[in-house]
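Some notes on the structure that comes next.
The values are calculated or read from the model by the stated rules, or taken from the named source; none is laboratory data. Keep in mind that what you see is a predicted model, and the values were worked out from it rather than measured. As a convention, Cβ positions derive from the backbone with ideal geometry for all residues, glycine included, and neighbour counts pool all protein chains shown.
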Amino acid sequence: MNLRVMISTMAVIGLIAGSTVYAESAGASTDLKLAGVYVSPKQSGWDNGIGGELQLIQWANPNVGIAIAGGCEQWKTSKSNFDFMNSSTDDATGLNGDSMFYPVGASVLGRLEFTDSLSLSLEGGLRYVIANSDVTASVGTGQANKAGTTGIVMRGSKLTLDNGVIGKAAADLNFKMSEEATLSIGAGYDFDISKGDVHGLGQNLGTYSLEGFFVRVGLSIRI
C-alpha cells in the first residue's frame with residue numbers, strides 16, 4: 001500500500017471515528033437513509049453502474065449533520081478497453097464482465113430549508129472502495145498457421161482491481177412526507193483521490209478510475 005492510499009484510508013477512518021463521537025455527544029435527531037444509485041462512469045471501459053447506499057445520519061441541528069455510509073455497486077464493462085490499455089496493451093481487444101464495489105466512509109451534510117416540506121441537502125464525503133472484480137480482458141495474439149499466414153488466437157485474462165479511495169460531492173432535494181419519512185432526489189459526482197491498480201495479462205496494467213456522475217433516489221426514516 002503506497003503512502004497516498006495510507007493517508008486517504010486514515011482520513012476515512014478518522015472521519016468515521018469523529019462522526020461516531022459526534023453522534024454520541026450531540027443528542028440530536030437521527031435519520032436512516034437508503035438510496036438507489038445509478039452511475040455513469042467517466043473512464044472508457046465502464047458502461048454503467050447500479051447499486052445502493054445506506055447512511056446513518058446524525059443531525060446536530062436542522063442544518064448540519066454527519067453521516068456514516070456503506071454501499072454496494074455493480075459496474076458493467078463496455079466492449080471497449082480501459083483507456084490506458086489502448087496504448088500499453090496492444091493486443092487487448094475488449095472487456096467482458098462486471099465488478100462489484102463496496103464503498104465505506106463518512107460525509108458532512110448541510111441542509112437549507114425552503115418550506116416545512118421542502119429542503120436542499122449538500123454532501124461532501126470520503127469513501128474507501130473495496131473492489132471485487134469479475135472483469136475479463138479478451139486478448140488476440142498473432143500466430144502463424146500451417147498455410148503460413150498469421151491468424152488471431154483469442155484468449156481471456158481475468159483482471160484484478162485493487163481498492164481505491166474517492167471523494168463524493170452531491171446535492172439532494174428533500175420532500176418531507178411525514179414527521180418520520182422524507183423522499184429525496186439527488187445527483188452528484190465521485191472523484192478519484194487514490195486510484196487502484198489493475199493486474200492482468202501477467203503484468204501491472206496501470207490504474208483504473210472510479211470517477212463518474214451519479215443520480216440517486218432515497219428514503220429517510222427518523223429513528
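Looking only at segment 183-195, decide whether some residue is hydrophobic (A, V, I, L, M, F, W, C) and in contact with a Phe, Trp or Tyr (Cβ under 6 Å, 6 or more places away or on another chain).
Initially, segment 183-195 is screened for residues hydrophobic (A, V, I, L, M, F, W, C), giving 183, 185, 187, 191, 193.
This time we only want the ones that are in contact with a Phe, Trp or Tyr (Cβ under 6 Å, 6 or more places away or on another chain), so: 183.
Yes - at least one qualifying residue is present in segment 183-195.
Here is a yes/no grid of residues against (1) surrounded by 15 or more Cβ atoms within 10 Å (Cβ to Cβ); (2) at pLDDT 90 or above:
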position	(1), (2)
V5	yes, no
T9	yes, no
Q55	yes, yes
N63	no, yes
S80	yes, no
G94	yes, no
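Considering only segment 205-220, state which residues are assigned to a strand (DSSP E or B) and over 12 Å from F82 (Cβ atoms). Explain how you work it out, then say what you get.
Filtering segment 205-220 for residues assigned to a strand (DSSP E or B) gives 205-208, 212-220.
If the condition is that a residue be assigned to a strand (DSSP E or B) and over 12 Å from F82 (Cβ atoms), then G212, F213, F214, V215, R216, V217, G218, L219, S220 are the ones that fit.
Filtering segment 114-130 down to residues that are surrounded by fewer than 17 Cβ atoms within 10 Å (Cβ to Cβ) and modelled with pLDDT of 95 or more, which residue is nearest to G202 (Cα to Cα)?
Step one: list which residues in segment 114-130 are surrounded by fewer than 17 Cβ atoms within 10 Å (Cβ to Cβ), which gives 114-118, 120, 122, 124, 130.
Within this subset, residues satisfying the condition of being modelled with pLDDT of 95 or more are 114-115, 117-118, 120, 122, 124, 130.
Numbers: F114: 57, T115: 59, S117: 57, L118: 54, L120: 49, L122: 44, G124: 38, I130: 22 Å.
Filtering first and then ranking leaves I130.
Being modelled with pLDDT under 95 and surrounded by 13 or more Cβ atoms within 10 Å (Cβ to Cβ) is the requirement here; does V215 meet it?
Numbers: modelled with pLDDT under 95: no; surrounded by 13 or more Cβ atoms within 10 Å (Cβ to Cβ): yes.
So V215 does not fit the description; no.
Which condition breaks for K158 when tested against (1) surrounded by 13 or more Cβ atoms within 10 Å (Cβ to Cβ); (2) at pLDDT 90 or above?
(2)
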